[in-house]
Amino acid sequence: MSESNPFPEETVSLVQARLREVQDFPAPGVLFRDITPLIADSEGFGALIDMLADRYRGKVDAVAGLESRGFILAAPLAIALGVGMVTIRKAGRLPGPVVGVDYDLEYGSARMEVQPFTVEDGQRVLILDDVLATGGTANAAFNLVEQAGGVPVGLCVLIELVDLGGRSALDGREIEAILSY
Ligand SMILES: O=P(O)(O)OC[C@H]1O[C@H](OP(=O)(O)OP(=O)(O)O)[C@H](O)[C@@H]1O
Ligand SMILES: Nc1ncnc2[nH]cnc12
């Protein structure tokens with residue numbers, strides 16, 4: 001899983017055409033990449049999930065979604081692949097037992113958690129999210145999958161925000177991005 005962009009151009013364009021940019025959301029200076037028009041469109045959403053299923057079929061035993069936008073993508077992909085979905089959630093939302101990882105945000109810190117009994121020992125887990133920015137969330141997810149006994153085979157994101165340095169923060173991890181800005 002290491003070619004620069006392994007996804008078919010035609011589907012990538014179809015997906016890209018359904019994304020929206022919102023300046024100064026949720027804070028001044030942020031250009032927010034809004035995936036809601038894509039998932040509101042059955043053709044676009046279906047094409048995205050079919051493309052991801054073609055890419056990962058037979059290569060993974062579970063899909064881990066990162067709360068909350070990652071869940072929207074991970075659930076249909078898991079069904080399409082015929083595997084289960086692991087939910088990696090913000091702190092305090094999953095009943096125990098959980099394992100957690102604290103990580104830094106641009107300002108402040110956060111914590112993600114997973115229930116280890118939702119990951120089988122040695123299971124190959126694909127981590128899926130909508131956006132890779134600084135990489136803090138994804139890095140926590142890699143660590144959580146490992147702590148739970150799984151083998152994280154890589155991260156797939158719909159959108160990589162290159163200037164925010166997530167790829168460097170995840171040095172050595174497999175990352176596939178459908179779109180990069
Ligand atoms: O690479 P990072 O700097 O960690 O940022 C990426 C994360 O930020 C967004 O989630 P957010 O925390 O806004 O939550 P949401 O999905 O609930 O909106 C996005 O969905 C990623 O999970
Ligand atoms: N610019 C952005 N747009 C959408 N989601 C994000 N998560 C972190 N940065 C983001």
Alpha carbon centre of segment 46-122 versus segment 124-175: separation in Å?
11 Å
Which shape class applies to segment 59-180: rounded if a/c is under 1.5, otherwise prolate when a/b exceeds b/c and oblate if not, where a ≥ b ≥ c are the square roots of the Cα gyration tensor eigenvalues?
oblate
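Determine the dipole magnitude for segment 59-180: charges of +1 sit on the beta-carbon of Lys and Arg, -1 on that of Asp and Glu, nothing else is charged, the reference point is the Cα centre, and the result goes in debye to the nearest 20.
Taking the Cα centre of segment 59-180 as origin, the dipole is about 280 debye.
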Which residue, 138, 53, 40, has the most motion in a Gaussian network model of the chain that connects Cα atoms within less than 10 Å?
40
Among 36, 100, 135, which residue has its Cα furthest toward the positive end of the charge dipole of the chain, with +1 on Lys/Arg Cβ and -1 on Asp/Glu Cβ?
100
Using θ = phi - 60° and the Karplus curve 6.51 cos²θ - 1.76 cosθ + 1.60, what whole-Hz ³J(HN,Hα) does each residue of segment 159-166 get, with Gly and Pro shown as x?
9, 9, 9, 4, 5, 8, x, x
Mind checking segment 55-100 for trypsin sites (Lys or Arg not before Pro) that DSSP puts in a loop (not H, G, I, E or B) and that have at most 14 other Cβ atoms within 10 Å?
57, 59, 93
Can you give the local net charge around residue 165? Use residues other than it whose beta-carbon is closer than 15 angstrom to its beta-carbon, Lys and Arg +1, Asp and Glu -1.
-3
Length-normalised contact order for segment 59-180 - Cα pairs under 8 Å, 6+ apart - percent
24 percent
With springs connecting C-alpha atoms under 10 Å apart, model the chain as a Gaussian network and identify which of 142, 117, 32 has the largest mean-square fluctuation.
32
Global form of segment 56-107, assessed from the alpha-carbon gyration tensor, a/c cut-off 1.5
prolate
Taking amide H atoms as placed 1.01 Å from N in the peptide plane, list the residues 5 or more away in sequence, or in a different chain, whose amide H sits under 5 Å from that of residue 179.
159, 160
GNM on the chain, Cα springs under 10 Å; top mean-square fluctuation among 52, 164, 126 goes to 164
Taking amide H positions as placed 1.01 Å from N in the peptide plane, with prolines and chain starts having none, which residues 5 or more places from residue 123, or on another chain, fall under 5 Å of its amide H?
151
With n ≥ 4 as the cut-off for DSSP H runs, can you work out [θ] at 222 nm for the chain, using -39500 (n - 2.57) per run divided by the number of residues, rounded to the nearest 500?
-9000 deg cm²/dmol
In nm, to one decimal, how far is the residue 146 label point from the residue 120 one, both placed 7 Å along Cα→Cβ?
2.3 nm
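A short reminder: the numbers here are calculations on the coordinates, not readings from a lab. Only a predicted model underlies this, so the values are computations on that prediction, with no experimental measurement involved. FYI the Cβ positions are ideal-geometry reconstructions off the backbone, even for glycines, and counts take in every protein chain you see.
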